[in-house]
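Working notes for the structure below.
The values are calculated or read from the model by the stated rules, or taken from the named source; none is laboratory data. For clarity, every value in this text was computed on a predicted model and none was experimentally measured. Neighbour counts run over all protein chains shown; Cβ positions are idealised from the backbone, glycine included. When the accessible area is computed, the model is the full protein with side chains, heavy atoms only, and any ligands, DNA or RNA have been set aside. Shrake-Rupley method; radii C 1.70, N 1.55, O 1.52, S 1.80 Å.
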Amino acid sequence: MTCFAIALVIAFVPEYPGLSDAGHRTLFVLVLAAGMWVSEAIPAFATSLLAIGCLIALLGRPDGVYANGEHDWEQFITPWGSPLIWLFFGGFCLALSAEKTGLDRWLAARALGLFGQRPGMLLLGIMLVTAVLSMFMSNTATATLVLAMMTPIFASRPSGDGVSKAICLGVAFAANIGGMGTIIGTPPNAIAAGLLEGQSAVNFAEWMLLGVPPALLMLAIAWFYLIFVHLKKDAFSDEKGILFYAGVASDPAPIHKQYVVVTTFIVTVGLWMTSPLHGLPTTLISFVPIVFLTTTGILSGPDIRTLPWDILLLITGGLSLGVAIEKTGLATWAVGYLPIEGMSPVALALGFSYATLLMANLMSHTASANIILPISIAVLTASKATGGDARLAVPIALAASAGMCLPISTPPNAIVYSGGHLKVTDMFAGGLLIGLIAPLILVFWAELALNWL
């Protein structure tokens, strides 16, 4: 109720100098949605639907404060059919097919088998496997899968054991960091990609260039941290008791279906990564898994119904808010009141990255991105005269994934914390270290890489 009351106060303030009536109403919707996302008074996807409904009701009436024609309201629901939604939908189909056929468990088991039983090396293998899977699968599903494979290790060790703590934290950190690597890795990435248009658009391969190198560096820092804080001198000693369990699908898929999934995965990812060479749009390529996995029967109607549609709705709400914030002039008006005079584009990106990081520790990463990204992109676009690049919004989106100080910060954090092997202080210390250095790494790498693009 508090957030609704604040939004009402904003709505009934007579005038904001320089802000149009349409911008005034959009500000009301933005504050209302932000309050709902922060307080979690209703589910996050429901807040997105509420925001879209409010935008249509307040701005969509012809000859009102914003719309002119009878179809102008449709721009607030157009994001539901945007190319970005189809890109994410294709990623969901790939992830679900790997889970259904057991290929995700097979890959994890084979990869972990290469790292032996020394605690430090096994931890490295766990983190690498988790990070790679989370680039293409839900971070939540990845953390759940890898932790399930670690159950025998946890059961064989005393409570509060350093190895158990290191593995739990390694899974959480790697699941969050790995999601930075691709556009489909996590919703904040998708929101940024959807808001960046025209000359500022970022394709799949370009996103990997901006996201994978800093993610690898942060993964290495997290691994060294866990080695020195939790594993210590036993990190590289032989421990025959360290084993992992490779779960199998309860109903293993026929081998020909596994081949179809593997082939589809290789073709899709290969086309995504080589998009600059052949010129096919990233979204068009996402129809490869959508078409092949459904027409071959790998994914059935009931399977499609289990996809995380709430995530797609959540992304849509953020994109719709972004449309309203830009079109009504709210972004331009807000930029005029920010104390950014004389700040370089890199400094602006750093400031927005730390703001996103702070919010992402306390609320949904996607909600944080929905609130910060439209304003930050408007600011960076306005800074082009001083050498700015709107694509510096990419590290701002990636900074959301580095918000992992608390059990409530991310689903992977909540999952590993629920196992009872960690204290909040264990998670906070490592999360704080990564959070402090992540924006610096992300922004300065982006500034360097953008000179090559």
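Some observations on this one:
- Filtered residues of segment 401-434 (kept if part of a helix (DSSP H, G or I), within 26 Å of Phe352 (Cα to Cα) and either touching a residue at least 60 places away in the same chain (Cβ under 8 Å) or not small (Gly, Ala, Ser) (or both)): Ser401, Pro411, Pro412, Asn413, Met427, Phe428, Ala429, Gly430, Gly431, Leu432, Leu433, Ile434
- Residue that is nearest to Leu87 (Cα to Cα), among those in segment 293-326 that are of a type in the set (Val, Ile, Thr), open to solvent by 40 Å² or more (accessible area, probe 1.4 Å) and at pLDDT 85 or above: Thr294
- Selection status of Thr182, touching a Phe, Trp or Tyr at 6+ places or on another chain (Cβ under 9 Å), at pLDDT 90 or above and hydroxyl-bearing (Ser, Thr, Tyr): yes
- Test result for Ile290, among the β-branched types (Val, Ile, Thr), modelled with pLDDT of 90 or more and assigned to a loop (DSSP other than H, G, I, E, B): no
- Of all residues making up segment 262-278, the number that are modelled with pLDDT of 80 or more and under 24 Å from the mean Cα position of the chain (by Cα): 10
- Val29 of a type outside the set (Ser, Thr, Tyr), touching a residue at least 40 places away in the same chain (Cβ under 8 Å), outside any helix (DSSP H, G or I) and in contact with a helix residue (DSSP H, G or I) (Cβ under 7 Å, 6 or more places away or on another chain): no
- Remark: pairs (first residue in segment 217-229, aromatic (Phe, Trp, Tyr); second residue surrounded by 18 or more Cβ atoms within 10 Å (Cβ to Cβ) and not in a helix (DSSP H, G or I); Cβ separation under 9 Å; 6+ apart in sequence or on different chains) = Phe228/Ala235.
- One residue from Leu169, Leu133, Leu195, Leu124 being surrounded by fewer than 24 Cβ atoms within 10 Å (Cβ to Cβ) and not aromatic (Phe, Trp, Tyr): Leu124
- Lone unmet requirement of (1) within 22 Å of Met208 (Cα to Cα); (2) open to solvent by less than 20 Å² (accessible area, probe 1.4 Å); (3) hydrophobic (A, V, I, L, M, F, W, C); (4) modelled with pLDDT under 85 for Ala109: (1)
- Gly178 vs. criteria of a type outside the set (A, V, I, L, M) and buried (at least 24 other Cβ atoms within 10 Å of the Cβ): yes
- Scanning segment 286-302 for residues that are within 30 Å of Ala46 (Cα to Cα) and under 23 Å from the mean Cα position of the chain (by Cα) gives Ser286, Phe287, Pro289, Ile290.
- Meets criteria (within 19 Å of Ile315 (Cβ to Cβ) and at pLDDT below 85) for Pro374: no
- Selected residue (criterion: surrounded by the most Cβ atoms within 10 Å (Cβ to Cβ)) from residues of segment 25-60 that are more than 22 Å from Leu312 (Cβ to Cβ) and either at pLDDT below 85 or of a type in the set (S, T, N, Q) (or both): Thr26
- Residues located in segment 393-414, provided they are within 12 Å of the chain's Cα centre (by Cα) and hydrophobic (A, V, I, L, M, F, W, C): Val394, Ile396, Ala397, Leu398, Ala399, Ala400, Ala402
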